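Everything on this sheet refers to the single structure shown next.
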Amino acid sequence: KIDALDIETGVFYGQMSVEDFGTNAIVGVTFGSHVTEDIFVRASFGKTDTEQTSFEVISGARLLTDSERDLQYYDLSVGLNLLPGEGFVGKSYAFNSTFYGLIGVGSTDFAGDQRFTVSAGVGYRVVLKDWLSLQVEVKDHVFDIDILGADKTTHNISYILGFTVFY
């Protein structure tokens, strides 16, 4: 009895491990559209603060100002529902659910610069009501950074729990 609602808006909270800059809380919003039963597109915006690197702690040097430590990203992803089915809670409750994969591109504002970002991840979505879903997701945000002069490709993993509303 799930309505054919193709647009969804959501919020999420979790943790993001920014390479060399610690693991901190992340919050964000999503907006998506289900193109077919198996394919969806989604725009995401997330924000987290970062910590000092171990080099900064040991040496006492400051590589970034406080405002440059704020990390914000946005991306546009294409998702594929890989294993749609049902999840069961006890004998009485069954919920539609799916494992899905994501791949996308976007931009990350960090360390005083905009950085082209490629993202990829996996998630699990449970449809709680015909208008509400719960998602658990792991996503890698890959971008180059050159704080110490040499380019370095970083992998920055986010783990999130989110709710979306369909309409």
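Applying the condition of being in contact (Cβ under 8 Å) with a residue 40 or more places away in the chain and open to solvent by 50 Å² or more (accessible area, probe 1.4 Å) to the stretch 135-151 and asking which residue is nearest to residue 115 (Cα to Cα) yields 147. Whenever a residue of the stretch 100-114 is touching a residue at least 40 places away in the same chain (Cβ under 8 Å), its partners that are acidic (Asp, Glu) and outside any strand (DSSP E or B), lying with C-beta atoms within less than 6 angstrom and at least six residues away or across chains, give the pairs 111/68; 112/68. Cβ separations smaller than 9 Å between residues 6+ apart or across chains give the following pairs from the stretch 58-71 residues that are under 17 Å from residue 108 (Cα atoms) to residues that are open to solvent by 60 Å² or more (accessible area, probe 1.4 Å) and basic (Lys, Arg): 70/47; 71/47. For residue 165, the criteria (1) among the hydrophobic types (A, V, I, L, M, F, W, C); (2) open to solvent by less than 70 Å² (accessible area, probe 1.4 Å); (3) under 13 Å from the mean Cα position of the chain (by Cα) hold in every case but one, which is (3). Tally time: how many residues in the stretch 45-72 are open to solvent by 80 Å² or more (accessible area, probe 1.4 Å), more than 21 Å from residue 143 (Cα to Cα) and not in a helix (DSSP H, G or I)? Total meeting the criteria: 1.
All conditions in (1) farther than 25 Å from residue 148 by Cβ; (2) open to solvent by 60 Å² or more (accessible area, probe 1.4 Å); (3) touching a Gly at 6+ places or on another chain (Cβ under 8 Å) hold for residue 84, with the sole exception of (3).
The values are calculated or read from the model by the stated rules, or taken from the named source; none is laboratory data. Small disclaimer: the values here were computed from a predicted structure and weren't measured. Ideal geometry is used to build each Cβ from the backbone, glycine not excepted, and the neighbour counts take in all protein chains shown. Note: accessible area is taken over every heavy atom of the protein model, side chains too, but ligands, DNA and RNA are not part of it. Shrake-Rupley method; radii C 1.70, N 1.55, O 1.52, S 1.80 Å.
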